[in-house]
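J.: Have a look at this one.
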Amino acid sequence: MTERPSDPRPAPSDTPSPAAPGPATSGPATHGPAAVARRNAAVRAAVAQGLVGPGDPLVALLDVTGIRAGARALHTAFDQVTAPGARVLHTFAVKACPLVAVVRLLRDEGVGAEVASPGELALARVAGTAAAHTVLDSPAKTPAELREALTLGIAVNADGRQELARLDELVDRVGGDDIRALPPLGLRVNPQVGAGSIDALSTATATAKFGVALRDPGARDWVVRAFLDRPWLTRLHVHTGSQGVPLELMAEGVAQTYALAEEVNARAGRQQVDTVDIGGGLPVDFTSDERGPGFEEYARLLAHRVPGLFDGRYGLVTEFGRALVAKHGLVLTRVEYTKSAGGRRIAVTHAGAQIAARTVYAPEQWPLRVASYDAQGLPSTGSVEVQDVAGPACFAGDLLARGRALPLLAPGDHVAALDTGGYAFAHPYAYNSLPRPAVHGFLIEEDGARVRFARVRAAQTISEVVAESGGAYGEGLLF
């Protein structure tokens, strides 16, 4: 079992301890029939317990067992390929599901936090994530954000030359003459290895906005010199992209960064780069109940492609997000009305752009699976017809699913938008001033006879919508 701390210095007393191995460590608990059975039980119980109904037609649900199992699978996958005693820190990309309870749950499973804004840092701190297990990444950090991170002891990956110059000014104030007083500081590089199938999520293209573009003229030499001139600069960070990026391309980005670390250390005559942060980005299968490429597959590919990264000389940091949570969330909504237009059946629900903006605006790249349930929350068994599942927003494209073959839906039935635990319902999109839904986690009791729910976030009230829209400043423009 690898150590959880990412830093060679002694870990603080609140280091999260790895969960004991159990039946939910990996495999079917994260996907497949067991996950489907939990989902169906949760939907039935949510309807029976009134979490969704005429007065609350929309709710989001998180599978606690699935999230825990995914975190354990991540630990196990890298434990199997790293040398004994290797320094490994797995962090959760908070942007994937910025809910305090989710960050806290993963902390309980020995997973830290990767944050990219003051808000995400605040969420991680409220969740109790230790500073030593927090990494700050962002392409637009302010001087105040950098100063706060250094003061708190949070690792920082500088995104470019100008940010590194800001750190030059800050490290003397925070660390003085003792660089051991500083948190780990690194530099993000862009290996420019190419794009996946979704351009917007490919962060290692020739013109990507992140990091120092290594293949630009003079850039590689500048990076090496930047390290040689700064003994406190000890990490390299890379993130090739996420959904749509193949594993081989991700591994190539890591390999290029490892080669750079070796070059820096050879030039320095010592191991100045002691940790490589490989980012996250493991894609998810949104077409079935399978999770997609697993952590084990990726870890083995990396170990084969970049064996020196796992021999114990380097610390390792990961920043997975979508892969840890996407398959373990769903949005459940009531069907309010049904109609027909041009021979196409349409079910009008309360789930649309406000909970799945990417799907609505780019359905070819972000299709979502939907499952139909009857008024009691049982899987629908009626005759199958091609239907659209529409959302509540006032524009024609607000469709959660287009032309899907589903058991014929009727008012009072339910539709579940699946695989929405990442980058969906936890991200506010306030079109039409639609309130954000309540979020509940669920756990199936061991005997399978009872489903326990725990509130993760209360539903947004209409008064909160008004307040968010400046209700207290209604006369502000009446000059």
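J.: Would you work out which of L309, G343, V325 lies farthest towards the positive end of the dipole of region 294-369, given +1 charges on the beta-carbon of Lys and Arg and -1 on that of Asp and Glu, about the Cα centre?
T.: Toward the positive end, the furthest listed residue is G343.
J.: All other residues with a Cβ under 15 Å from the Cβ of H304 taken together, and with Lys, Arg as +1 and Asp, Glu as -1, what is their net charge?
T.: So the environment of H304 carries a net charge of -3.
J.: Something else now. Need the C-alpha centroid separation for region 75-102 versus region 310-386, integer Å.
T.: 26 Å
J.: Within a Cβ distance under 11 Å of H237, other residues only, what is the Lys/Arg minus Asp/Glu net charge? Intermediate values should be presented prior to the final figure.
T.: Working: positive: R188, R235; negative: E114, D137, D159, D277, E319.
For residues surrounding H237, the net value is -3.
J.: Taking the alpha-carbon distance from K95 and a cut-off under 17 Å, which lysines remain once sequence neighbours fewer than 8 residues away in the same chain are dropped?
T.: K141, K327
J.: In addition: Whole-Hz ³J(HN,Hα) for each residue in region 88-102, computed from phi via Karplus 6.51 cos²θ - 1.76 cosθ + 1.60 with θ = phi - 60°, x for glycine and proline: what do you get?
T.: 10, 10, 9, 10, 9, 6, 4, 4, 5, 7, x, 10, 4, 5, 5
J.: Once you keep just the Cα pairs under 8 angstrom separated by 6 or more residues, what percentage relative contact order results for region 96-172?
T.: Values: 90 pairs, mean separation 19.5, N = 77.
Relative contact order comes out at 25 percent.
J.: What relative contact order, as a whole-number percentage, does region 327-461 give when Cα pairs under 8 Å and 6 or more residues apart are counted?
T.: Numbers: 296 pairs, mean separation 39.1, N = 135.
Relative contact order here is 29 percent.
J.: Further, regarding this structure: So which trypsin sites (Lys or Arg not before Pro) in region 418-479 end up in coil per DSSP with only 11 or fewer other C-beta atoms within 10 Å?
T.: Details: sites: R450, R452, R455, R457; in loops: R450.
Taking region 418-479 and a limit of 11 other Cβ atoms within 10 Å, the loop trypsin sites (Lys or Arg not before Pro) found are R450.
J.: Under 5 Å between amide H atoms, partner at least 5 residues away or on a different chain: which partners does G112 have, H built in plane at 1.01 Å?
T.: Amide H neighbours of G112: H90, T91, F92.
J.: Give me the aspartates and glutamates in straight-line cross-link reach of K209: C-alpha distance below 17 Å, same-chain residues under 8 apart excluded.
T.: Excluding near neighbours in sequence, the set is D137, D159, E163, D199.
J.: Once phi is turned into θ = phi - 60°, what whole-Hz ³J(HN,Hα) does the Karplus curve with 6.51, -1.76 and 1.60 give for every residue of region 425-432, x standing for Gly and Pro?
T.: Running phi through 6.51 cos²θ - 1.76 cosθ + 1.60 with θ = phi - 60° gives 5, 7, 10, x, 9, 9, 4, 6 Hz.
J.: So how strong a dipole does the chain carry about its Cα centre when Lys and Arg Cβ are +1 and Asp and Glu Cβ are -1, to the nearest 20 debye?
T.: 320 debye
J.: Tell me, what is the percent relative contact order of the chain, built from C-alpha pairs under 8 Å that lie six or more residues apart? If you can, show how the numbers build up before the last one.
T.: Details: 1053 pairs, mean separation 82.9, N = 479.
With pairs under 8 Å counted, the relative contact order is 17 percent.
J.: Let me ask something additional. Pick out, from V384, Y258, A37, the residue whose Cα sits farthest towards the positive end of the charge dipole of the chain, with +1 on the Cβ of Lys and Arg and -1 on the Cβ of Asp and Glu.
T.: Projecting each Cα onto the dipole axis, the largest value belongs to V384.
J.: Give me a comma-separated list of calculated 3J(HN,Hα) values for region 117-127, in order, Karplus coefficients 6.51, -1.76, 1.60 applied at θ = phi - 60°, integers in Hz, x for any Gly or Pro.
T.: Per-residue couplings from phi come out as 6, x, x, 5, 4, 4, 4, 4, 5, 5, 6 Hz.
J.: Work from the charge dipole of the chain (Cβ charges, +1 for Lys and Arg, -1 for Asp and Glu, about the Cα centre) and give the residue of V171, L185, G85 farthest towards its positive end.
T.: Looking along the dipole axis, the top candidate is G85.
We did not get these values from a lab; they are worked out from the coordinates using the rules stated. All of these numbers come straight from a predicted model, not from anything done at the bench. Note: ideal-geometry Cβ built from the backbone for every residue, glycine included; neighbour counts use all protein chains shown.
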